[in-house]
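The values are calculated or read from the model by the stated rules, or taken from the named source; none is laboratory data. Note that the structure is predicted; figures quoted are calculated from it, not measured. Here the Cβ positions follow ideal geometry from the backbone for every residue, glycine too, while neighbour counts run over all protein chains shown.
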Amino acid sequence: MSLATWMLSMAAAAEEVAKHGAEEAGGKADFILEEVADHVLVPLPKVLGIDLSITKHVLMIWISAAIVLILFSLARRGAGLVPRGLANFFEAIVVFLRDDVITPYLGEDATRYTPYILTVFFFILTMNLLGLVPMGATATSNISVTAALAVMTFLIGHGAAIIRKGPIGYIKHFIPPGIPAFVVPILFIAEIMGLFTRHFALAIRLFANMVADHMVVFTLLGLIFIFNNVLVAFFSVPAAVAIELLALLIAFIQAYIFTMLSAVFIGMALSEEH
Amino acid sequence: MLLNVNTGLIFWTVVTFLLLLLTLKKLAWSPILGALQEREKRIQEDLERAEKAREESERLLEEQRQMLQKARQEAQEIIERGRKAAEAARQELLAKSKEEAEQLLEKARREIELSRDKALEEIRNLAVELSLAAAQKVIRKELDPDEHRRLVEEALQEMRGLS
């Protein structure tokens, strides 16, 4: 959890710098944290304790979903036995995910969970990339979004496991066979904790990675205002550009990692042996 | 700021995600994965078919080769047989002609002998007649015919003994 505390301290520092910088630069520094910070666009009433307001990240989620839908609708024209154009491009990605991510970890269940895994990948990838577009924001740099996705992976894997093995078989699954009885309670608790930690880490990993590069860019550009010297920009701007390029890579890598780990966790929940 | 959990955002994420999942499943995953499987099946079938065709053609080639071999052997046999038959015919003809020639020779020889014997006989008879006539003319006056004949016979006997 040192990562989370570090993130927190970073966030606090960033906020401070933002305030300071905003005062200095007339509110211009605010623009950089726009990608990470969320704020309400259309206030809506609370329903059953849930604030349904359309925030910036909600909008970004919808835009991501719309982009994915539009791209795949366009790809549909070229689909078929001999794929052309966009369909060919997406098919290559789909084949890679199916053969190198889904099938190795899910085995016989691969066909059933393929739509879920593929949707997770393309959805997260578009959300990650949206943060790199001007005027865009990274919805995946919001813990609520990544947590929702991680919880879905958890529920799908373990829901399916309970349905398949029955409640008793499901609980037995946590205890490896052939261990002494007195170890069972400790092991059981450890297993349950590991289970939640895994999915918690899944949410935090994506969130932290998405926040981090914006934070670094923000800090680098903030240096200009901290030193109050325009010459610092000759260092800060190229460095920030390099970090943004790295962020592009990270956007793909993290989408892939989340997807792969989702497949791994669902596969683990469904596996017969521990 | 960053770690605040916003239930509304969670709600919208889940709703959006599920809608996206359902739509994409209909719109994209089923057609794409279906086409993929279809293509994989097709390629598999094509490969199997090609393999089968290759085996078939190999089999046919082998068959053709064997047939050719057989045909060649048969041709060889036919030629051999023809040669043997020709040789036999030649031998037969040769033997026959030799035999015929021999027969012809034999016949000729016999005929020559026969005609020679006949000629000798004729010469002998003629000689008897001539000598008879000559003797008759010479000795007619002093000898009676009986004595004459006896003498001639005697002379002839001597002649035969000589020849």
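Check whether at least one residue in the range B:39-49 is within 7 Å of chain A (Cβ to nearest Cβ), buried (at least 18 other Cβ atoms within 10 Å of the Cβ) and farther than 14 Å from A:Leu149 by Cα, and report yes or no.
Within the range B:39-49, none of the residues are within 7 Å of chain A (Cβ to nearest Cβ), buried (at least 18 other Cβ atoms within 10 Å of the Cβ) and farther than 14 Å from A:Leu149 by Cα.
For the range A:86-109, give me each residue that is closer than 21 Å to B:Leu18 by Cβ and more than 10 Å from chain B (Cβ to nearest Cβ).
A:Leu97, A:Ile102, A:Leu106, A:Asp109
I'm trying to understand the selection: among the residues of the range A:124-143, which are within 11 Å of chain B (Cβ to nearest Cβ) and at pLDDT below 90?
A:Met127, A:Ala139, A:Thr140, A:Ser141, A:Asn142, A:Ile143
Before we move on, is A:Arg84 closer than 20 Å to A:Leu261 by Cα and basic (Lys, Arg)?
Considered against the rule, which asks whether it is closer than 20 Å to A:Leu261 by Cα and basic (Lys, Arg), A:Arg84 comes out as no.
Here are A:Leu118, A:Leu223, A:Leu195: which of them is hydrophobic (A, V, I, L, M, F, W, C), at pLDDT 80 or above and under 27 Å from A:Leu71 (Cα atoms)?
A:Leu118
Taking the range A:144-185, which residues are of a type in the set (Gly, Ala, Ser) and within 11 Å of chain B (Cβ to nearest Cβ)?
A:Ser144, A:Ala147, A:Ala148, A:Ala150
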